[in-house]
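Notes to accompany the following structure.
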Amino acid sequence: GLLGEMYFLKEHLSKQYGIEKAAMSWTGPKQLPQDYIMDDTWFEIKTVSSSRTKVEISSIEQLDCLNSGELVVIRADKTSATNTNALNLNVLYHALLSELPDDDARERFSTMLLRYGYYPRPEYENEEYLFEIKATAKYAVAQDFPCLRRNSIPDSVAEAKYSLTLATIESYRKE
């Protein structure tokens, strides 16, 4: 999951909002329902292998928000060290640090990742941690998006995890 979140930060959010604002909007260490919250929107990132036909939603609150947001599905497959498109967490971490404007921003971002449990360990360089990003799909999540809503389930249901079939939400896909 973290690989997809950092990839989306680097390749999408930083271009849309600027690297510092995008990086500081990451909610990973705060354990909030969505991965990125900024301005009046949010982004929930799901990383799956390219063969998967569904995504797992880990809580009711993940997609049940007052504000509209985006469900982002990143398809990533394990690859070899000889693949020129190979990525790992360490590569993304160092690329993001180099884009941040100053030492203060780099320290804040590194601290957030450390609180989340990530630091650039040498074993992340091993081939088992190498991935190639195959595709990114964004889905508009508004009140009509098909997901569980707190106000439409019994009060006795305290929490729920569920899956969405990607083919059935294709009409919500953004270009």
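Per-structure values
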read-out: Principal axes of segment 55-143: Cα extent on each, largest first, Å; value: 43, 34, 22
read-out: Most mobile listed residue (Val91, Val73, Val48) in the chain, GNM with C-alpha springs under 10 Å; value: Val91
read-out: Residue-normalised accessible area of segment 106-153, expressed per residue, 1.4 Å probe, Å²; value: 61 Å²
read-out: Tyr162 paired with Asp103, simple spin-label distance in nm, labels 7 Å along Cα-to-beta-carbon; value: 5.0 nm
read-out: Distance between modelled label sites at Leu114 and Thr53, nm, 7 Å Cα→Cβ extension; value: 4.6 nm
read-out: Cleavage-rule hits (trypsin sites (Lys or Arg not before Pro)) in segment 58-151: DSSP loop, at most 15 neighbouring Cβ within 10 angstrom; value: Arg149
read-out: Length gained when the stretch Lys21-Ile153 is fully extended (0.36 nm per residue, less Cα-Cα span); value: 44.0 nm
read-out: Degrees between helix 103-116 axis and first principal axis of the chain (Cα, 0 to 90, nearest 10); value: 60 degrees
read-out: Cut-off 19 Å, label 7 Å out along Cα→Cβ of Asp77, residues of segment 120-148 by amide N; value: 127-137
read-out: Hull-based mean projected area of segment 108-155, where the convex hull spans the alpha carbons, in square nanometres; value: 7.3 nm²
read-out: Rounded to 10°, Cα long-axis angle of helix 89-99 versus longest principal axis of the chain; value: 80 degrees
read-out: Calculated on alpha-carbon atoms, Rg and Dmax of the chain in Å; value: 16.7, 53
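The values are calculated or read from the model by the stated rules, or taken from the named source; none is laboratory data. Being a predicted model, the structure only gives us computed values, none of them experimental. In this analysis, Cβ positions are derived from the backbone assuming ideal geometry, glycine residues included, and neighbour counts consider all displayed protein chains. These area figures cover heavy atoms from the full protein model, side chains too; ligands, DNA and RNA do not enter into them. Shrake-Rupley method; radii C 1.70, N 1.55, O 1.52, S 1.80 Å.
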